[in-house]
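The values are calculated or read from the model by the stated rules, or taken from the named source; none is laboratory data. Bear in mind the structure is a predicted one, so any value in this text is a computation, not a measurement. Glycine also receives a Cβ, built like all others from the backbone with ideal geometry; neighbour counts cover every protein chain displayed. Areas reflect the complete protein model, heavy atoms only, side chains present, ligands, DNA and RNA absent. Shrake-Rupley method; radii C 1.70, N 1.55, O 1.52, S 1.80 Å.
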Amino acid sequence: PYLRPVGDAELDNRIEGAPGIKVGLVWAGSPTRRKNQRRSMDPALLQPILDIPGASFFGLQVGAAAAERNQLAEPGQIIDVTDGILDFADTAAIVAGLDLVISVDTAVLHLAGGMGKPAFGLLSRPTGFLWGTDGDASPWYPTIRLFRQPEPGDWDGAVRAAAAALAGLVKHQ
């Protein structure tokens, strides 16, 4: 790890007191990035992950896409912890309190990798060159496991694989 939270950062008590594995979620990248719609997903597609018992879920999604969490079948499944985020130092403090980050290709995924935090990267096809074209490992971040769309636009396959991996983590907790 080459990144860490600022020394005086406090752990969010909503995370600290939550039961089970604490999982941060990000489903959309910056809308100003070219082809962002390809790497971003509808948060409702995360339902197989949210259905895993033994985990608590926290929204790290910022910007206009954060409001999309209201589209979920069960409102409140994702606890929004972004109210105090002003910069990446604040985001790092939140990530430090989590057990796992699940994110599409965003700065938060890179932050988790730089912090050495376990993370699942949900990747669209084709991916950017940083993630390579196949495999589930990242050469840059040994703590990130990659879940790739089986076919372009097929988030269901990537999400179901990540949900199965999360279920395995919960089982072995």
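Looking across region 55-71 at every residue that is touching a helix residue (DSSP H, G or I) at 6+ places or on another chain (Cβ under 6 Å) and more than 20 Å from residue 117 (Cα to Cα), the one that is surrounded by the fewest Cβ atoms within 10 Å (Cβ to Cβ) is identified as 71.
Taken over region 117-161, the criterion of being of a type in the set (Gly, Ala, Ser), in contact with a helix residue (DSSP H, G or I) (Cβ under 6 Å, 6 or more places away or on another chain) and at pLDDT 95 or above is satisfied by 119, 121. Can you pull out the residues in region 4-33 that are at pLDDT below 90 and aliphatic (A, V, I, L, M)? Matches in region 4-33: 6, 9, 11, 28.
Being of a type outside the set (D, E, K, R), part of a strand (DSSP E or B) and open to solvent by 10 Å² or more (accessible area, probe 1.4 Å) is true for just one of 102, 52, 85, 79. Which residue is that? Don't jump to the end; show me each part of the working.
Values: 102 fails: open to solvent by 10 Å² or more (accessible area, probe 1.4 Å); 52 fails: part of a strand (DSSP E or B); 85 fails: part of a strand (DSSP E or B).
Within the list 102, 52, 85, 79, the selection yields 79.
Looking only at residues that are in contact with a Pro (Cβ under 9 Å, 6 or more places away or on another chain) and open to solvent by 30 Å² or more (accessible area, probe 1.4 Å) in region 34-49, which one is modelled with the highest pLDDT?
The qualifying residue modelled with the highest pLDDT is 38.
Just to be sure, is residue 82 under 24 Å from residue 8 (Cβ atoms) and of a type in the set (S, T, N, Q)? So residue 82 fits the description; yes.
When each of 121, 114 is tested for being open to solvent by less than 50 Å² (accessible area, probe 1.4 Å) and outside any helix (DSSP H, G or I), the lone residue that passes is 121.
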